[in-house]
Each structure stands twice: as structure tokens, then as C-alpha cells.
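Step one of this worksheet: look at the structure below.
Please treat every number below as a calculation from the coordinates, not as lab data. Everything numeric in this text was worked out from a predicted model, so none of it was measured. FYI the Cβ positions are ideal-geometry reconstructions off the backbone, even for glycines, and counts take in every protein chain you see.
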């Protein structure tokens with residue numbers, strides 16, 4: 001309550017950046033620990049040599065007042081002193097290493113906690129969205145649910161007789177963040193447009209077979225199938241056979257016939273095409289439940 005507003009904001013910013021700061025400090029600390037250990041090793045030979053000389057003197061010393069008990073005590077003291085010096089040599093390196101490991105561990109724990117909180121928030125949002133879609137389907141039907149979800153617009157379509165008709169097209173024409181062009185940048189693209197069409201259809205079928213067999217497919221796996229570059233989002237989003245209001249199939253957005261560019265590609269007039277994937281969303285946190293759901297889904301089909 002007594003912290004000034006400006007200072008409070010700075011504290012908040014530092015708290016938000018604490019994982020990165022702790023990770024950086026941990027890495028620098030480990031480097032510093034290695035340097036200190038190397039410096040200590042350079043001095044180790046001198047300490048060991050000094051201890052060895054003292055031990056040699058204690059072992060060879062002969063005097064009528066110097067008993068074997070005195071010799072044994074001296075040897076023990078020399079060893080303890082030498083060990084203490086070695087510990088002191090490496091103590092800074094070990095201490096800094098321990099602190100560095102603690103910083104790295106704390107950074108990991110903070111990120112893990114934040115990721116868990118984000119997934120919990122996303123799960124609550126997704127549950128609410130599924131409930132909303134369920135109510136829309138119950139009241140208006142699946143067609144209206146699709147219109148609400150993807151948007152719709154009226155477009156003019158010219159039929160074979162040259163007549164212009166008004167057609168309601170689902171989707172506002174804006175690709176999702178997961179869309180990718182299948183073009184010469186793909187390692188699987190071919191100059192032959194017919195080959196590309198057959199290839200994409202085969203890969204879509206393969207991806208759907210994998211979904212039915214395994215119960216889940218990550219977007220990055222589909223990118224790999226198509227020779228496309230992976231993405232960070234693709235490692236956590238994809239398709240999974242869980243939930244009543246999921247598509248339960250993988251679609252590249254090619255074969256619905258709505259988009260002119262897609263029709264040109266399918267008909268062999270264009271060699272490249274924009275692929276827009278119908279991902280279910282984040283799935284990596286649902287994999288533990290996918291097996292039972294997949295079995296029930298297969299039995300029902």
C-alpha cells in the first residue's frame with residue numbers, strides 16, 4: 001500500500017521478467033563457477049605440494065622427544081589442513097554453482113507454474129466456447145453454428161448460363177494464423193499441378209488415418225508431411241478425438257469448392273495454393289484423455 005505507483009510498476013515488470021532474469025543469472029553464474037574452478041585448479045598443485053612436503057617431514061622426523069603418537073597426530077593435522085585449503089580453494093566455485101543451479105531451477109518452476117495457469121485459463125475458455133456452440137446447435141442447428149463460428153457473406157456466383165446468383169459463403173476470406181502456402185518453398189512441391197493435387201489429397205487422407213489410429217495429430221506433424229517449416233504453435237496445437245463439438249477430422253481447406261484459388265488448384269490451373277487447417281486448438285494437455293475418447297469414438301463409428 002505504501003509503495004509509490006512508479007516503483008510498484010517497476011516491481012511488477014521485474015516480476016514479469018523474473019524467469020528470463022533468473023535464467024540469465026543462472027547461465028552467467030555457471031560460467032563464473034567454471035572460471036573460478038579453473039583458477040582454483042591452478043593453485044591446487046601448490047597446495048598439494050606443500051602438504052606433501054609437510055607429510056614427508058613428519059614421516060621422516062627423528063627425535064628422542066618426538067614419539068610415534070606425536071607423528072600420528074601431526075600427520076592427521078597436516079591432512080586436515082591440506083583438505084581445508086582445498087575446500088577453501090573450490091568453495092567460491094561450488095557456492096556460485098549452487099546459487100546458479102537454484103536460479104535456473106527457480107526460473108523453470110516459475111515458467112511451469114505460469115504455463116499451468118495459462119492452460120487452466122485456456123481450458124476454462126475452451127469449455128465455455130464448447131458450451132456456447134452446443135446451445136447454438138441446439139437452438140439454430142449445425143449450419144448456423146458454422147456460420148457463427150467462421151462468419152459468412154453473400155457473394156455473386158456466375159453459373160454456366162452466365163446468370164449471377166447470390167450465394168451465402170461460409171468464412172470471411174481471412175486465413176487463420178496456421179495457414180501456409182504450398183508452393184516452391186515446400187520441399188514436397190512439384191512443378192506438375194496435378195501431382196501437387198494428388199499429393200495433398202493423399203497427405204490429408206494419411207493425416208486422417210493417423211488421427212483415427214492414434215487419436216491425435218500435431219500441426220507440426222502435418223507441416224512435416226507437406227515439407228513445410230515447423231512453427232512454435234504447431235508443437236502444441238492440432239487435432240484430437242475428444243469433445244462432441246470438434247470436427248474429428250483433418251481438413252486442409254482445399255476441397256470445399258468455395259474459394260476460387262482453391263478451385264483453380266484442384267482443376268490443375270494453378271500449381272500453388274493456400275492451405276488453411278481446421279485445427280482443434282491446443283491439444284498437448286489433453287493427450288492423457290485421448291485414448292479412452294478415441295476408443296469410444298471408434299466404437300460409435
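A straight line joining the Cα centroids of segment 27-57 and segment 110-137 runs 55 Å. Label-to-label distance for residue 130 and residue 247 is 1.8 nm, based on points extended 7 Å past Cα in the beta-carbon direction.
When every Cα-Cα distance of segment 5-132 is counted in 5 angstrom steps from zero, the calculated P(r) takes the values 2, 10, 11, 10, 9, 9, 8, 7, 7, 6, 5, 5, 4, 3, 2, 1, 1, 1, 0, 0 percent.
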